[in-house]
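The values are calculated or read from the model by the stated rules, or taken from the named source; none is laboratory data. Predicted model, so just to flag it, every value in this text is computed and none were measured. Glycine also receives a Cβ, built like all others from the backbone with ideal geometry; neighbour counts cover every protein chain displayed.
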Amino acid sequence: MKISKLLTLIGLFFLSENSFAQDVNEVKIIPQPNSIKYLGTEYVIGSKQAIVYKGFKQKPETLDRFTKEIIAQIPTKETKHSQSIVLEKTKTDNIHEAYSLKIDNTGIKISSSTEQGVFYGLQSLLQIILASDNNILAALEIKDIPRYKYRGLHLDVGRHLFPVSFIKSYIDLMAHYKLNNFHWHLTEDQGWRIEIKKYPKLTSIGGTREGTLINHLKDKQHVYDKTPYGGYYTQDEVKEVVAYAASKYINVIPEIELPGHSLAALSAYPEYGCGENPGPYKATMGWGIFDDVYCAGKESTFTFLQDILDEVLLLFPSKYIHIGGDECPKTKWKTCKYCQNRIKENKLKDEHELQSYFVQRIEKYLNGKGRSIIGWDEILEGGLAPNATVMSWRGVKGGIAAAKQHHDVIMTPSTHLYFDNRESISSEEPQTISSAYPTRHVSLKQVYSFNPSLDTLAPEFQKHVIGVQANLWTEYIKTLEKVLYHIMPRIYALAEIGWTTLENKNWENFSQIRVSEHLYRFDKTGKTYRVPQTIGVEQDTLLGETIEIKLKPSVKNAKIYYSINGYTPTEMDYLYTNPVKIHIPKGEERIFKSVVITPSGRRSVTSKINLINK
């Protein structure tokens, strides 16, 4: 339902559910709740809030701690009446993550049938408070439930390692935006990052590479820094991360890559490669796909991997264990007598079915331990493991195929959800894995536009799409700052496509109002993020004699600078009048450029449009 022009003009609340009022008092929550009813009044919140629990057998320590953190962020203000935040665990509406939040003149009440639902209600309350002015909150009622049960974010630590303290801050960011699965990519060709006590050489040898590729993998001659790079997480550190994530109601899914992407492991234990005397191997310094993979014909390979998984299972209570399964060349299997014997003995058609055998055998082992596997969409090749969940990354075709076979699917296509791709094609973007491809990028709008439950997928198969995930591969991301640059603000769009129903999504509201507000708050932290380009210059070419361009800053209180002569704007080119009116003589062209500079001094890349009067 659309708000009427009359209500917009007089600035009243539109008192119906699912509306997108543009009033200044509108709450700016990400992801957008699925039902908001404004009550037409206000609530002045004070910094002395009592916490009242209802329906809990005992005080929930996690919720109590978080609620006190929220109260501590409320600016000091005396109120006439005693105030309280009521947290209620109900016996009805047994939907795991659903919650209701009501703010009126009697106080604040959050209800859910689960602690996790109450936690999400508190996250919405925190966002409302942080965006409020003068302790004034709009009186409202939110009834909210996520669109998908799986809402994930991935981090590759095989290429570059990040400290536990940063992993925790990554998890904090996920929790604030109601993401609930952290996919921790722990093993790679370039490094093994998790302590396995039975096989200590996995980290002492496989945890270090001799150097790192610094130019692009597509360049004819590769350049390496030749500085040894290594490190890993101890089992105590892993337990610390898993416990911390659980306190934020986030599940941690470990990924142990097999049968490919295994060079680091083979460098430590070469006997599990193909052939009589395999190796020697080294953890690779470069990126890409490599022929040396685990031998699928040796029984010892499966013993080795099962021993590793036994230790992994003790560290991660997750129902899901990610086993990779992607980008596994069959070159060595074709010439390996052990692999060929395996194919013959099991009457397999080819090496693709051998990979299916490999994956299914690991799945059967994990199923026997009460766990389920997730694999990249290559696990479809040669026959899908019976109970596997598929992550569809090579577009959406793999996900469609898996759903039609009645397998659960998590959509994570590289076209929309690979956050290691640059966000624009501007030459000012930092180096990424996509830098060698002139048109490859994943913009904030592309992320937001993605619908995991494709319209082309029949309704009876859409139910198998259980969620969505964005991935961050770190070949060219070695610093904490660059991680943040790549996920902020695209994490906002990820959160919204995972939580909010299609009818409640609104790109203009999201990009111009809520992202602007949330980045304004993040800007105050002093942390790195990518400042979006000026809103209003998305068009590639504008034609005409007199062209009018209305600009909006992408971050609240940011300033816009522009030029029309093709040079990059500086702080001398401040936008004094808006919209900008430009007269172009007949037959001439102009290049309009603009940049955004935030209150903290962060700068966007340059926006550019061609202006032509034919």
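Summary table
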quantity: Filter result for the condition that a residue is of a type in the set (A, V, I, L, M, F, W, C), more than 30 Å from the chain's Cα centre (by Cα), at negative phi and surrounded by fewer than 21 Cβ atoms within 10 Å (Cβ to Cβ), over Leu348, Leu354, Leu315; calculated: Leu348
quantity: Close pairs from segment 556-573: first not assigned by TED's automatic domain parsing to the domain that holds Thr598 and among the basic types (Lys, Arg), partner surrounded by fewer than 14 Cβ atoms within 10 Å (Cβ to Cβ) and in a loop (DSSP other than H, G, I, E, B), Cβ under 6 Å, at least 6 apart; calculated: none
quantity: Only one of Ser82, Ser113 that is polar (S, T, N, Q), in contact (Cβ under 8 Å) with a residue 12 or more places away in the chain and over 19 Å from Asn180 (Cβ atoms); calculated: Ser82
quantity: 1 or more residues under 20 Å from Arg521 (Cα atoms): qualifying strands (runs of 3 or more DSSP E) within segment 546-614; calculated: 559-563, 589-597
quantity: Subset tally (residues that are of a type outside the set (A, V, I, L, M), more than 19 Å from Met174 (Cα to Cα) and in a strand (DSSP E or B)) for segment 245-266; calculated: 1
quantity: Odd one out for Ile253, checked against (1) in contact with a His (Cβ under 6 Å, 6 or more places away or on another chain); (2) of a type outside the set (Gly, Ala, Ser); (3) on the phi > 0 side of the Ramachandran plot; calculated: (3)
quantity: Positions within segment 434-444 being assigned to a loop (DSSP other than H, G, I, E, B) and modelled with pLDDT of 90 or more, in sequence order; calculated: Arg440, His441, Val442, Ser443
quantity: Criterion: touching a strand residue (DSSP E or B) at 6+ places or on another chain (Cβ under 9 Å), surrounded by fewer than 21 Cβ atoms within 10 Å (Cβ to Cβ) and among the hydrophobic types (A, V, I, L, M, F, W, C) - qualifying residue of Ile487, Ile466; calculated: Ile466
quantity: Residue match in segment 326-344 (condition: under 19 Å from Pro270 (Cα atoms) and aromatic (Phe, Trp, Tyr)); calculated: yes
quantity: Close pairs (8 angstrom Cβ cut-off, 6 or more residues apart or separate chains): closer than 16 Å to Tyr338 by Cα and in contact (Cβ under 8 Å) with a residue 24 or more places away in the chain in segment 261-287, among the aliphatic types (A, V, I, L, M) and part of a helix (DSSP H, G or I) anywhere; calculated: Tyr272/Ala265; Tyr272/Leu266; Gly273/Leu266
quantity: Answer from Asn367, Asn387 - the residue that is surrounded by fewer than 17 Cβ atoms within 10 Å (Cβ to Cβ) and in contact with a strand residue (DSSP E or B) (Cβ under 7 Å, 6 or more places away or on another chain); calculated: Asn387
quantity: Subset of segment 490-523 (residues that are over 23 Å from Lys149 (Cβ atoms), aliphatic (A, V, I, L, M) and buried (at least 20 other Cβ atoms within 10 Å of the Cβ)); calculated: Val515, Leu519
quantity: Pairs with Cβ under 8 Å, 6+ apart, first in segment 117-131 and in the same structural domain as Ala98 (by TED's automatic domain parsing), second assigned to a helix (DSSP H, G or I) and among the polar types (S, T, N, Q); calculated: Phe119/Thr62; Leu122/Thr67
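Matching residues to (1) more than 21 Å from Asp144 (Cβ to Cβ); (2) out of contact with any Leu (no Cβ under 7 Å at 6 or more places or on another chain); (3) modelled with pLDDT under 95:
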| residue | (1), (2), (3) |
| --- | --- |
| Gly467 | no, yes, no |
| Pro532 | yes, no, no |
| Ala558 | yes, yes, no |
| Tyr567 | yes, yes, yes |
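Each row is one residue, and each column tells you yes or no for (1) closer than 15 Å to Ile142 by Cα; (2) under 28 Å from the mean Cα position of the chain (by Cα).
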{"position": "Tyr38", "(1), (2)": "yes, no"}
{"position": "Gln58", "(1), (2)": "no, no"}
{"position": "Arg65", "(1), (2)": "no, yes"}
{"position": "Thr79", "(1), (2)": "no, no"}
{"position": "Thr90", "(1), (2)": "no, no"}
{"position": "Val118", "(1), (2)": "yes, yes"}
